[in-house]
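**Student:** First the structure, then my questions, so here it is.
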Amino acid sequence: MNTKIIYFIVVLSMFSTLMSCEKMEDTYFEFVKDGETIYVGKADSVKTRGGNNRIELSWLLVSDPKVNSYKVYWNSRRDSIENTVTKTTAVDTVRVLLTDIREDVHNFEIFTYDKDGNSSVAVSTIGRVYGDNYKASLLQRTYKTINRSDDNLIVKWSEAPNTLLFVEIQYTDNMGNMVKKFVPGETEVDSLKNFPVGGSLQYRTAFLPEPEALDTFYTSFNTITEDDI
């Protein structure tokens, strides 16, 4: 290749590199021209706990002693809540309870701030709020068989979903005592002791929609008699 052509290519390459660096430098100065951008420590290990038209958000403040407030946005930033925090030398936990929240899956954005108004980067999390629609979807736990064994009724329960917490049963035994018992979801066979012949019972089913949900949800009570079985 001609030496002059090689020299021209090298010069052109150096010129392009120089222009690129100047452009990056201009961008940098545009970014910091009003002073250095300062970010404070962001919310760490964010968790949500859904409930009945409410939800709790929690997170850790790990290492930045400058953090003194926060702001949480949801509903496409049309709703928000803010408050101050007191940072200690340890790892602190912030808990925020939001009430009167519509039943839905929500996206939340969390910002933390120092006393000068410098913010952290946004931390996003998703949480579900439960309500009437969820309650309307709940069904009683079903049973396979109920049989009498002497003075007792033996109940064989159908398999329970993971969200089923327990069945609450109420009846008056053959000695006139009011009995209330709670049958865990993992129980397959249960005994109702001293159940009167021809007697009746009421029962309802309790659900926990997520492992650390704020609220337990119940079906309505059903009444069955031994004659109906």
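The values are calculated or read from the model by the stated rules, or taken from the named source; none is laboratory data. Nothing here was measured: the structure is a model prediction, and the numbers come from that model. For neighbour counting, all protein chains shown are included, and Cβ atoms are generated from backbone atoms with ideal geometry for every residue, glycine included.
Table: residues versus (1) surrounded by 11 or more Cβ atoms within 10 Å (Cβ to Cβ); (2) not assigned by TED's automatic domain parsing to the domain that holds Pro65.
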site	(1), (2)
Ile110	yes, no
Asn118	yes, no
Lys144	yes, yes
Asn147	no, yes
Asp151	yes, yes
Asn177	no, yes
Lys181	yes, yes
Gly198	no, yes
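**Student:** Something else about it: Just one of the numbered conditions (1) surrounded by 19 or more Cβ atoms within 10 Å (Cβ to Cβ); (2) among the β-branched types (Val, Ile, Thr); (3) not in a loop (DSSP other than H, G, I, E, B) is not true of Val40; which one?
**Tutor:** Unmet for Val40, out of (1) surrounded by 19 or more Cβ atoms within 10 Å (Cβ to Cβ); (2) among the β-branched types (Val, Ile, Thr); (3) not in a loop (DSSP other than H, G, I, E, B): (3).
**Student:** Can you pull out every residue in the range 46-97 that is free of Cβ contacts under 8 Å to residues at least 60 places away in the same chain, outside any strand (DSSP E or B) and closer than 30 Å to Ala136 by Cβ?
**Tutor:** Asn75, Ser76, Arg78
**Student:** While we're on this one: Which pairs do you get when a residue that is touching a residue at least 12 places away in the same chain (Cβ under 8 Å) and closer than 15 Å to Lys156 by Cβ, found in the range 184-205, comes within reach of a residue that is surrounded by fewer than 16 Cβ atoms within 10 Å (Cβ to Cβ) and among the β-branched types (Val, Ile, Thr), reach meaning Cβ atoms under 6 angstrom, with the pair 6+ apart or on two chains?
**Tutor:** Ser191/Ile154
**Student:** Something else now. For the range 201-220, enumerate the residues that are surrounded by 15 or more Cβ atoms within 10 Å (Cβ to Cβ) and over 25 Å from Arg128 (Cα atoms).
**Tutor:** Leu201, Tyr203
**Student:** Could you list, in sequence order, all residues of the range 96-131 that are farther than 14 Å from Gly41 by Cβ and basic (Lys, Arg)?
**Tutor:** Result: Arg102, Arg128.
Residue-wise test of (1) surrounded by 15 or more Cβ atoms within 10 Å (Cβ to Cβ); (2) touching a residue at least 60 places away in the same chain (Cβ under 8 Å); (3) among the basic types (Lys, Arg).
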residue	(1), (2), (3)
Asp100	no, no, no
Val121	no, yes, no
Arg128	yes, yes, yes
Arg141	yes, yes, yes
